[in-house]
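Notes to accompany the following structure.
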Amino acid sequence: MPHSLASMLLLLASAAAQKPQLAQTPPMGWMSWQAFRCEVDCAKPDACINERLYKEMADRLRDDGYVAAGYRTISIDDCWEAGVPGMLRRPGEQLMMNATRFSSGPKSLADYIHARGAKFGIYSDEGTKTCQGYYGSEGYEDLDAKTFAAWGVDYLKLDGCNNDAKGFATGYPAMGRALQQSGRDIVYSCSWPAYIGDDESVKPYDAMSEAGCHLWRNWHDVQCEWSSVRTIMNHWGNNTAALEKAAGPGRWNDPARPRA
Ligand SMILES: *[C@@H]1O[C@H](CO)[C@@H](O)[C@H](O)[C@H]1NC(C)=O
Ligand SMILES: *[C@@H]1O[C@H](CO)[C@@H](O)[C@H](O)[C@H]1NC(C)=O
């Protein structure tokens, strides 16, 4: 091996070794989907997907002791984006928050959450559109990772709607690389396995880890009823051997997302 190549490889190896080790324990926190879904009508008496919801939750998580107990990440799910479902994204078009519902802007919301000792989680999709039809990140991984880093995002859930699942093997690694090159430490949650069936023993855990995923959503959404929680528990029980083998520091199974 030529000398220069050997020293270059050494350099690369030490750069990799210096990368911060994220998600050494399973990330915990609160996310809005199960209770608030895609409620964008803020004239209703109940909460909607707007900055007030996440600020209130940041206050609650801090003031009620959840942050101190390790429930740190406040995550926005779908429906935070500007525009209306079904719109076509233009080449180079940057993601933006809905300016009516997030009038202070993403950076200000991130600052608010960080000031409470919490982490800022956001959502996108490795498809042409999100599950609710807003712009997806497929083909825009570098741009979106840079945008999220500039906003102060600490955690990304990347969903798998509007992709035929054949694109996962290249799309999820593309976002993983983009996040690693974004200049910010961002925990990467991949919904990849939730879209490829019920048999946990055949899912590509090593490929997901190599793609940079620190955790992955294995299965269906939890609903607001005991039967749903019980089904998820039974699925876990039925697949314990495979799931146990897949998990470890920096690579976690995520059963579903009930409220903290
Ligand atoms: C923001 O969301 C509202 C619904 O709450 C919608 O009517 C409005 O068109 C959206 N605005 C922008 C700029 O996307
Ligand atoms: C778990 O396995 C049992 C026994 O085979 C089966 O009856 C049940 O439906 C399974 N539950 C889930 C959620 O897969």
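A short reminder: the numbers here are calculations on the coordinates, not readings from a lab. What you are looking at is a predicted structure, and each value in this text was computed from that prediction instead of being measured. A quick note on method: Cβ atoms are made from the backbone with ideal geometry, for glycine too, and the neighbour counts reach across all protein chains shown.
Calculated mean residue ellipticity at 222 nm for the chain: -10500 deg cm²/dmol, from DSSP H runs with n ≥ 4 weighted as -39500 (n - 2.57), summed, divided by the residue count and rounded to 500. Given their separation in residues at 0.36 nm each and the Cα-Cα distance between them, Gln180 and Ala43 gain 45.4 nm when the chain is fully extended. Rounded to the nearest whole Hz, the Karplus-based 3J(HN,Hα) values (6.51 cos²θ - 1.76 cosθ + 1.60, θ = phi - 60°) of the range 108-114 follow the sequence 5, 5, 4, 4, 4, 5, 5, with x at glycine and proline. Remark on Ser32: its backbone amide H falls under 5 Å from those of Ser75, Asp77, a criterion applied only to residues 5 or more positions apart or on other chains, H modelled at 1.01 Å from N. Loop-located trypsin sites (Lys or Arg not before Pro) in the range 164-260 (DSSP state other than H, G, I, E, B) with a sparse environment of at most 14 neighbouring Cβ atoms within 10 Å: Lys166, Arg259.
Label separation (Glu225 vs Glu56): 2.6 nm, computed from points 7 Å beyond Cα along the C-beta direction. Considering only beta bridges that DSSP places wholly inside the range 30-254, some 15 percent are antiparallel.
Ordered by the number of other Cβ atoms lying within 10 Å of each residue's own Cβ, fewest first, Glu93, Glu244, Glu39 fall into the sequence Glu244, Glu93, Glu39.
Between Asp111 and Asp164, the simple label model (points 7 Å from Cα in the Cβ direction) yields a spacing of 4.6 nm. Here the label points at Ala207 and Gln21, each 7 Å from Cα along the C-beta direction, are separated by 2.7 nm in the simple model. Taking every alpha-carbon pair in the chain and binning the separations at 10 Å intervals from zero gives 7, 29, 37, 20, 5, 1, 0 percent. Judged by a Cβ-Cβ distance under 4.7 Å, the unpaired cysteines of the chain are Cys224.
For Lys166, what charge total do you get from the other residues with a beta carbon under 14 Å from its beta carbon, if Lys and Arg give +1 and Asp and Glu give -1?
Result for the local shell: -3.
For the chain, the number of Lys pairs with C-alpha atoms closer than 23 Å, counting only pairs eight or more positions apart or on separate chains, is 21. Sorting Asp254, Asp185, Asp64 from the fewest to the most surrounding beta carbons within 10 angstrom yields Asp64, Asp185, Asp254.
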